[in-house]
Amino acid sequence: EADIYQTPRYLVIGTGKKITLECSQTMGHDKMYWYQQDPGMELHLIHYSYGVNSTEKGDLSSESTVSRIRTEHFPLTLESARPSHTSQYLCASSEYGGTNEKLFFGSGTQLSVL
Amino acid sequence: EDQVTQSPEALRLQEGESSSLNCSYTVSGLRGLFWYRQDPGKGPEFLFTLYSAGEEKEKERLKATLTKKESFLHITAPKPEDSATYLCAVQATTDSWGKLQFGAGTQVVVTP
C-alpha cells in the first residue's frame, strides 16, 4: 500500500544530542516537505525538495538540515538539539507539477528536548 | 503577506447538529484553497481543493464553498467520527513550487 512513514513517532532526548528524523514514501512522489507544528498553531514549512539532490529552506527559519539522496527518503537532522526544538515534525509528499498540491502527510514525530 | 484565519478555534456539537467553519484568507492571487482533516496524533488528511469563487465540493457530510475572501466548511448532521481538527490552507499564484499557508485550524468535537 502506498504510504508515507515517519520514525520515530516519539523522541525524548537531552540537550546537545544529534538526532535524525526519518521519512520515507512509497508513492514515487518528487516533492517532499517538512513542516513544524506546535499545539493549536499553524503548520510552518521548514524544508522542501523538488527531487533527488534538491533541497530548499522554507519560510520558518530552522537549525535543522535535510538531504535527498533517494526519491523515497527525506531525513531531517538536528546536529545539536535544544529545548526550543521541542515540537511536532510532519513530513509530507506530493506529485510534481500541476496546481493541485494534494499533500500526503506522515503521522509525525513528536520531539521533546530536555 | 499571505494570511489564513480560521474561526471558531473550537466547536462542540451534538450529534446531528449542523454547523459551519470559516476560513478567511488574504493572498495576492489564489491558486487554490485546501481543506484538511487532522486527527489527534496523526498527520493532516486531504479533503478538498477549491480553485475559484463559487466552487463547491462535497464528501459525505462535508461541503466546502469558496468566495473571493473566505471559504466555509459545512458539516451536515455530524457524527462522533467527524470529531477532528479541520485545517484550511491557501496556495498563492506567486508561489511556483506549491507552498501552502495554513491556518491554525478549528477543533470540532461531536458528542453522541
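Some observations on this one:
- For peptides A:46-56, A:3-13, sequence by mean Cβ density within 10 Å, most packed first: A:46-56, A:3-13
- Region A:1-113: relative contact order in percent, alpha carbon pairs under 8 Å with at least 6 residues between: 35 percent
- Estimated dipole of region A:17-113 in Debye, rounded to 20 [Cβ of Lys and Arg +1, of Asp and Glu -1, Cα centre]: 260 debye
- For region B:66-72, Karplus couplings with θ = phi - 60° (6.51, -1.76, 1.60), whole Hz, Gly/Pro x: 9, 10, 6, 10, 7, 10, 10
- Taking the three principal axes of the alpha carbon atoms in region B:2-112, the coordinate ranges are 44, 30, 21 Å, sorted in descending order.
- Surface/4 of the Cα convex hull for the protein assembly as shown, nm²: 12.3 nm²
- Using a probe of 1.4 angstrom and keeping all protein chains present, the accessible surface of chain B works out to 47 square angstrom per residue.
- Alpha-carbon Rg with Dmax, taken over chain A, Å: 13.4, 42
- Label-point separation in nm, residue A:30 to residue B:51, each point 7 Å along Cα→Cβ: 1.9 nm
- Measuring nothing but protein heavy atoms, the accessible surface of chain B at 1.4 Å probe radius is 46 percent carbon and sulfur.
- B/A buried area, accessible surface, summed, 1.4 Å probe, Å²: 1800 Å²
- Residue separation of residue B:93 and residue B:79 scaled by 0.36 nm, minus their Cα-Cα distance, works out to 1.4 nm of gained length.
- Quick note on region A:1-63: its Rg to Rh ratio, both from C-alpha atoms and Rh being the Kirkwood radius, is 0.98.
The values are calculated or read from the model by the stated rules, or taken from the named source; none is laboratory data. None of these values were measured; they are calculated from a predicted model. We place every Cβ from the backbone using ideal geometry, glycine too, and count neighbours over all the protein chains shown. Note: areas computed on protein heavy atoms with side chains; ligands, DNA, RNA excluded. Shrake-Rupley method; radii C 1.70, N 1.55, O 1.52, S 1.80 Å.
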